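Rule-based calculations on the coordinates, nothing more; no lab input. Note that the structure is predicted; figures quoted are calculated from it, not measured. All Cβ positions, even for glycine, are placed from backbone atoms using ideal geometry, and neighbour counts span all protein chains on display.
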Amino acid sequence: MHAIRPEIESFGQNGIARTALARLHDDTVMPLWFGEGDEVTPDFICNAAKASLDQGHTFYTHTRGRTTLRAAIKCYLDRLYDADVHPDRISVPGSAMLGVNICAQMAASKGDHVIIVSPVWPNIEAVFRVIGAEIEHLRQRPTPGGWQITADEIIASVRKETRAIFLNSPCNPTGWVMPRAEQLRLLEFCRERDLLIIADEVYHRCVFDAPVAPSFVEIASDEDPVIVVNGFSKAWAMTGWRIGWVVAPKRLATAWGSLSECFNTGANVFAQAGATAALEEGEAFVHAQQSKFSKGRAIVSAAFKEHPRLEYIEPQGAFYAFPEVRGLTDSARFAETLRDQMHVGVAPGYTFGPGNESHFRICFARRHDELERGLEGILRFLEG
């Protein structure tokens, strides 16, 4: 069919969907495959959205987000990072993933070179494939001290035709957290080259040794070539709400509004009321989630750290484990067989980019008794 671009027709499901969709609503499967926990959105957030509906907030709104939400995001960021973020830098286009799509459209065209720090959530590569960019994965290195990659390693891969560098810190799936010194080094280089950094920081509150991960928001000026993408899904248990924000160069405020209008006419208006409540009233919930995730990491580490078939590196952030199975060559078959024999759902490593075929990912943001039951199934499968 010549009416459709070949790169679109060739699109297939990512490995997470391929594994999960066959038994998506099967209650006998322990679902450790998706990037979400099992907490429902807190009542105070839901009630704010319901009140917004009751007040008749069902009409079009500003394409960069309601003024009240953008003001709440500024207050939140200023408080969290001891910053003074200019209001024109903040936009609420819809979901954080929509923010990534708009970043890609802004940065690159067909044939442009884009660097993606990986392992990485598979939909990120898909975003750049849609626009026809040339993608280069730079894989983090597993070390005894955690997954690592330096700014200089990233810089060494930059070409004349490079248009953007995408990185996710804290990282899905490895838990890598980019240190402040490395952020400063990369920003200095990209400032000189006018090269866009797209920093996905949706796991900014999912860290274990600090209240918050280092952020480019703390070091980027109003016009630096940095777009920070963030959202409500992870820290506030709002995955289904599809609401996020970006902090971008101030001069791009009009462009963000225009592109948001093109993609979805603006973010869901009553979801924005819930998001505002999350920022203004949600710190106790965030801290409770951090405690839950920390305990989940400890449970996974106890199960995986000394297992003879696994190479396991404890994550610094996010809420995933990404172990390597010694001798594994087909992570898709591994995940599907584990699902069908032990009724435990995991994400196959291959879908997170090149070099990950022997890995699998689990999400440990779940009730601890259920997590332990899922881990028992994985260990029995490895030993069988």
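Cβ crowding within 10 Å ranks Ser358, Ser258, Ser233 as Ser258, Ser358, Ser233, fewest other Cβ atoms first. Screening the chain for DSSP H helices whose Cα atoms reach 24 Å or more along their own axis and whose mean Kyte hydropathy is at least -1.0 gives 283-304. Find which of Cys75, Thr329, Leu98 sits farthest along the positive direction of the dipole of the chain, computed with +1 on the beta-carbon of Lys and Arg, -1 on that of Asp and Glu, about the Cα centre. Result: Leu98. Total Lys pairs in the chain closer than 30 Å by alpha-carbon, pairs eight or more apart in sequence or interchain only? Lysine pairs, 8 or more places apart or on different chains, close enough: 15. Between Ala284 and Ile219, the FRET efficiency from the beta-carbon distance, with R0 = 41 Å, is close to 0.90. When the Gaussian network model of the chain links Cα atoms closer than 10 Å, the mean-square fluctuations of Tyr312, Tyr60, Tyr203 top out at Tyr60. For the chain, modelled as a GNM whose springs connect Cα atoms under 10 angstrom apart, the maximal fluctuation among Phe263, Phe304, Phe364 occurs at Phe263.
Taking only the C-alpha atoms of region 202-274, Rg followed by Dmax gives 14.0, 40 Å. I need to check one value: relative contact order of the chain, counting alpha carbon pairs closer than 8 Å and at least 6 residues apart, in percent. Relative contact order comes out at 25 percent. Annotation for region 91-119 versus region 283-340: alpha-carbon center distance of 28 Å. Packing, as the average of other Cβ atoms within 10 Å across residues, places the peptides 152-159, 30-37 in the order 30-37, 152-159, highest first.
If R0 equals 45 Å, the separation of the Cβ atoms of Leu53 and Arg373 corresponds to a calculated FRET efficiency of about 0.75. Rounded to whole Å, the principal axis extents of the Cα atoms in region 44-281 read 54, 40, 31, largest first. At full extension, Gln105 and Glu39 could sit 20.4 nm farther apart than now, given 0.36 nm per residue minus the alpha carbon distance. For Lys295 and His2, the difference between the fully extended length at 0.36 nm per residue and the C-alpha to C-alpha distance is 100.2 nm.
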